[in-house]
Amino acid sequence: MITSNPRHLRGSYDVVVVGAGPAGLEAAVAAQDAGADHILVVDRETEAGGILVQCIHSGFGLHRFGQELTGPEYAQRVLTQVVKRNIDVVTDAFVLDVDRERRVKLMTQEEGVSLIDAQAIVLAMGARERTRAAIHIPGTRPAGIFTAGMAQRLVNLYGLLPGRRAVLLGSGDIGLIMARRLTLEGVEVVGVFELMPYANGLNRNIVQCLHDFDIPLHLSTTVVEIHGRDRVEKVTVAPVDANLRPQMERAWDVPCDTLLISIGLIPENELSEQLRLRIDPMTNGPVVTSTMECSRNGVFACGNVVHIHDLVDFVSAEAMLAGRSAGRYVAGAAPPADNVRLLPGENVAYCVPHTISTEREHTIYMRTRRPLEACSLRLTDLGGKVIYEKKLRYVFPAEMVNLKLRPAVLHHFHNGALRVDVAPRADG
Amino acid sequence: MSELVTVRYLCIGCPLGCRLEVDEAPETHAIVEVRGFSCRRGKEYAIQEHTAPQRTVTTTVAIDHARWARLPVRSDRPAPKEMVLTICHALRHVRVTAPVKMGDVIAANVAGSGVNMIATRDMPGQ
């Protein structure tokens, strides 16, 4: 049942899922399959589906459904699974707080504050966009400055154009997708400016969103000032040196009425902090075990709230694991605790999960710090002995590395911690 | 005999982003050589992109009596690349009314392109 009125809900649930995006919806289904009877999914939006609802382009679902779907199609497929079952979804509802007894404090328009008891919680709040404030762009504060995702929402759901002549800062995939989207709607996209010497988005988006429409991409260049009183009138851009410092003597002005900012995502972790969960400073998300359990028993997390994923397909896989674990926890069938910590080593920014078990199969997600070709991924014990090695053709920071690890690999391992390195091959 | 013409493409198959080069004969436009790929898919992409580039079109159309002002749509098959802007331009005049089901044909043979636009979600009426 989908409702916005908490009077239609139970007073207690086996599992409460916070967030009805792909992560929350997939987790809810998996929790029920694993033995939880009563499941509630809460979302602050007016409809379920999360950010996919506004991502109208295709490129989703190749792993999860074996075919290429648009965002709304992916969301509807997942939501159909939820609606077919006896799972409650409450929209227009905000989780204010989850206390130590796992009482969920819900705020709704219909009822104000209500309390719901949960045996297990799944955190699936997703992420928010970094804004101008995150990188301190100097200048005035006129209208016409949007994050790329906000512009996407205005165009694709509300049918509103953000402006007539736009400059894009940041070459992440959301920004590139919006460059094409605005062009198709008749907005002039003057150029994309990227601080780093390489583009952050997929080659597919560089070709199909920029090259197809002759939109210039300026690498090693950034916006250093915004001008305009009521509305953006122009921005000043400047090339940066090897230390990413703008070279102001080479700056130039670009007239525009709109600036779109696409400079990354931050996991949405206010609830995780209220719950005093351990947070990984690299991912900005909670530290999780191999069952996606956080540092508090019965609290699980999945999706972009844990770490920023490249593909929703990987979010789905992680969410199914988190949901299954929550269901088993409720059924009293949680597996034994992990016995190996993963320590990010050379050229590895982070690993998720943070711990694993030598008894089970795992998928480990990691992000590298710099691009490398013909390299290898090594797991080394604290004595320096290489336990496992896998050759990789290439790694890029913009593409998550995933490692499937069978229990047989760690069969004789009892050392407690493994360092993970992605480094040039020993044989050259 | 005049010189071969070389056209460059960026491969989209994987993050390596191979710089592909296609040599074609000046009059016949026949492909003489493909270079720069490091796998079979890269070579096939270069030939496809050089001879008949295609794109799936995704955009929105206006919708009345629905939760949102726009209904997302996509082409039911890839369209010729040079038709993409024409198709989107033609769709600016399309206006539908909720309810709509995912997969419903919203506009047929748009601008003579041979592709139909279909809804990519259910949109209940309200």
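The values are calculated or read from the model by the stated rules, or taken from the named source; none is laboratory data. The structure presented is a predicted model; accordingly, all values stated were derived computationally and were not measured. Note: ideal-geometry Cβ built from the backbone for every residue, glycine included; neighbour counts use all protein chains shown.
Does B:Arg40 count as among the charged types (D, E, K, R) and at the interface with another protein chain (Cβ under 8 Å from one of its Cβ atoms)? Don't jump to the end; show me each part of the working.
Working: among the charged types (D, E, K, R): yes; at the interface with another protein chain (Cβ under 8 Å from one of its Cβ atoms): no.
In short, no.
With respect to A:Val78, determine if the residue is modelled with pLDDT of 95 or more, away from chain B (no Cβ under 14 Å) and buried (at least 22 other Cβ atoms within 10 Å of the Cβ). Walk me through it before giving the result.
On the way: modelled with pLDDT of 95 or more: yes; away from chain B (no Cβ under 14 Å): no; buried (at least 22 other Cβ atoms within 10 Å of the Cβ): yes.
No.
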inquiry  = Which of the strands (runs of 3 or more DSSP E) found entirely inside segment A:171-251 contain at least 1 residues meeting this: within 28 Å of B:Cys18 (Cα to Cα) and within 14 Å of chain B (Cβ to nearest Cβ)?
reply    = A:188-193
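Go through segment A:301-321 and give me each residue that's under 15 Å from A:Pro353 (Cβ atoms) and within 15 Å of the chain's Cα centre (by Cα).
At the first step, the residues of segment A:301-321 found to be under 15 Å from A:Pro353 (Cβ atoms) are A:301-303, A:305-307, A:309, A:314-315, A:317-321.
Across segment A:301-321, the qualifying residues are A:Ala301, A:Cys302, A:Gly303, A:Val305, A:Val306, A:His307, A:His309, A:Phe314, A:Val315, A:Ala317, A:Glu318, A:Ala319.
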query = Counting only residues that are within 12 Å of chain A (Cβ to nearest Cβ) and either surrounded by 13 or more Cβ atoms within 10 Å (Cβ to Cβ) or without any contact (Cβ under 8 Å) to a residue 12 or more places away in the chain (or both), how many does segment B:8-31 have?
reply = 11
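Quick check on my filter: what residues within segment A:84-99 are within 26 Å of the chain's Cα centre (by Cα), assigned to a loop (DSSP other than H, G, I, E, B) and not hydrophobic (A, V, I, L, M, F, W, C)? First the steps, then the outcome.
Initially, segment A:84-99 is screened for residues within 26 Å of the chain's Cα centre (by Cα), giving A:87-99.
Those left that are additionally assigned to a loop (DSSP other than H, G, I, E, B): A:87, A:91-92, A:99.
Hits for segment A:84-99 are A:Thr91, A:Asp92, A:Asp99.
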ask   = Within segment B:93-103, can you find the residues that are at pLDDT 95 or above and surrounded by fewer than 16 Cβ atoms within 10 Å (Cβ to Cβ)?
value = B:Arg95, B:Thr97, B:Pro99, B:Lys101, B:Gly103
task = Answer yes or no as to whether B:Val57 is of a type in the set (A, V, I, L, M, F, W, C) and within 11 Å of another protein chain (Cβ to nearest Cβ).
result = yes
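Please work out if B:Ile12 is modelled with pLDDT of 95 or more, among the β-branched types (Val, Ile, Thr) and touching a Lys or Arg at 6+ places or on another chain (Cβ under 7 Å). Before you say what the answer is, go through the steps one by one.
Working: modelled with pLDDT of 95 or more: no; among the β-branched types (Val, Ile, Thr): yes; touching a Lys or Arg at 6+ places or on another chain (Cβ under 7 Å): yes.
No: the conditions fail for B:Ile12.
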ask   = B:Ile106 fails exactly one of the following numbered conditions: (1) touching a strand residue (DSSP E or B) at 6+ places or on another chain (Cβ under 8 Å); (2) away from chain A (no Cβ under 12 Å); (3) over 20 Å from A:Cys55 (Cβ atoms). What is the number of that condition?
value = (3)
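Any residue in segment A:41-50 that is free of Cβ contacts under 8 Å to residues at least 12 places away in the same chain and surrounded by fewer than 19 Cβ atoms within 10 Å (Cβ to Cβ)?
We begin by selecting, within segment A:41-50, every residue free of Cβ contacts under 8 Å to residues at least 12 places away in the same chain; these are none.
Looking for residues that are free of Cβ contacts under 8 Å to residues at least 12 places away in the same chain and surrounded by fewer than 19 Cβ atoms within 10 Å (Cβ to Cβ), one finds none in segment A:41-50, hence no.
Tell me which residues, restricted to segment A:13-50, are on the phi > 0 side of the Ramachandran plot and assigned to a strand (DSSP E or B). Walk me through it before giving the result.
Here is the first cut: in segment A:13-50, the ones on the phi > 0 side of the Ramachandran plot are A:19, A:35, A:49-50.
Result: no residue meets the conditions.
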query = Could you list, in sequence order, the residues of segment B:32-49 that are assigned to a strand (DSSP E or B) and buried (at least 16 other Cβ atoms within 10 Å of the Cβ)?
reply = B:Val34
task = Could you please give the count of residues in segment A:51-72 that are crowded, with 21+ Cβ neighbours inside 10 Å, part of a loop (DSSP other than H, G, I, E, B) and either of a type in the set (Ser, Thr, Tyr) or at the interface with another protein chain (Cβ under 10 Å from one of its Cβ atoms) (or both)?
result = 3
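Select, from A:Leu217, A:Leu244, A:Leu195, the only residue that is in contact (Cβ under 8 Å) with a residue 24 or more places away in the chain and in contact with an Asp or Glu (Cβ under 7 Å, 6 or more places away or on another chain). Can you show your working first?
Working: A:Leu244 fails: in contact with an Asp or Glu (Cβ under 7 Å, 6 or more places away or on another chain); A:Leu195 fails: in contact with an Asp or Glu (Cβ under 7 Å, 6 or more places away or on another chain).
None of the other options fit; the residue is A:Leu217.
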ask   = Within segment B:60-78, is even one residue within 23 Å of A:Phe60 (Cβ to Cβ), outside any strand (DSSP E or B), more than 9 Å from chain A (Cβ to nearest Cβ) and touching a residue at least 60 places away in the same chain (Cβ under 8 Å)?
value = yes
Odd one out for A:Arg328 among (1) under 30 Å from A:Glu188 (Cα atoms); (2) modelled with pLDDT of 95 or more = (1)
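I'd like the full set of residues that are touching a residue at least 40 places away in the same chain (Cβ under 8 Å) and loosely packed, with under 14 Cβ neighbours inside 10 Å, limited to segment B:104-125.
Of all residues in segment B:104-125, those touching a residue at least 40 places away in the same chain (Cβ under 8 Å) come to B:106-107, B:115-121, B:123-125.
Result: B:Pro124, B:Gly125.
This table checks each residue for (1) buried (at least 21 other Cβ atoms within 10 Å of the Cβ); (2) more than 27 Å from A:Met400 (Cβ to Cβ); (3) of a type in the set (Lys, Arg); (4) at pLDDT 95 or above.
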{"position": "A:Asp214", "(1), (2), (3), (4)": "no, yes, no, yes"}
{"position": "A:Val223", "(1), (2), (3), (4)": "yes, yes, no, yes"}
{"position": "A:His227", "(1), (2), (3), (4)": "no, yes, no, yes"}
{"position": "A:Val240", "(1), (2), (3), (4)": "no, no, no, yes"}
{"position": "A:Glu249", "(1), (2), (3), (4)": "no, yes, no, yes"}
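Looking for whichever is farther than 23 Å from B:Leu10 by Cβ and surrounded by fewer than 23 Cβ atoms within 10 Å (Cβ to Cβ) here; the options are A:Leu184, A:Leu115. Which one fits? Please lay out each step first, then the result.
On the way: A:Leu184 fails: farther than 23 Å from B:Leu10 by Cβ.
Just a single option satisfies the conditions, and that option is A:Leu115.
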message = Within segment A:341-385, take every residue that is in contact with a Ser or Thr (Cβ under 6 Å, 6 or more places away or on another chain) and closer than 12 Å to A:Ala417 by Cβ and give me the one that is surrounded by the most Cβ atoms within 10 Å (Cβ to Cβ).
response = A:Ile356
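Whether any residue in segment B:83-96 is under 23 Å from A:Leu62 (Cα atoms), within 10 Å of chain A (Cβ to nearest Cβ) and among the charged types (D, E, K, R) is what I want to check. Before you say what the answer is, go through the steps one by one.
Taking segment B:83-96 and keeping what is under 23 Å from A:Leu62 (Cα atoms), we get none.
Scanning segment B:83-96 turns up no residue that is under 23 Å from A:Leu62 (Cα atoms), within 10 Å of chain A (Cβ to nearest Cβ) and among the charged types (D, E, K, R).
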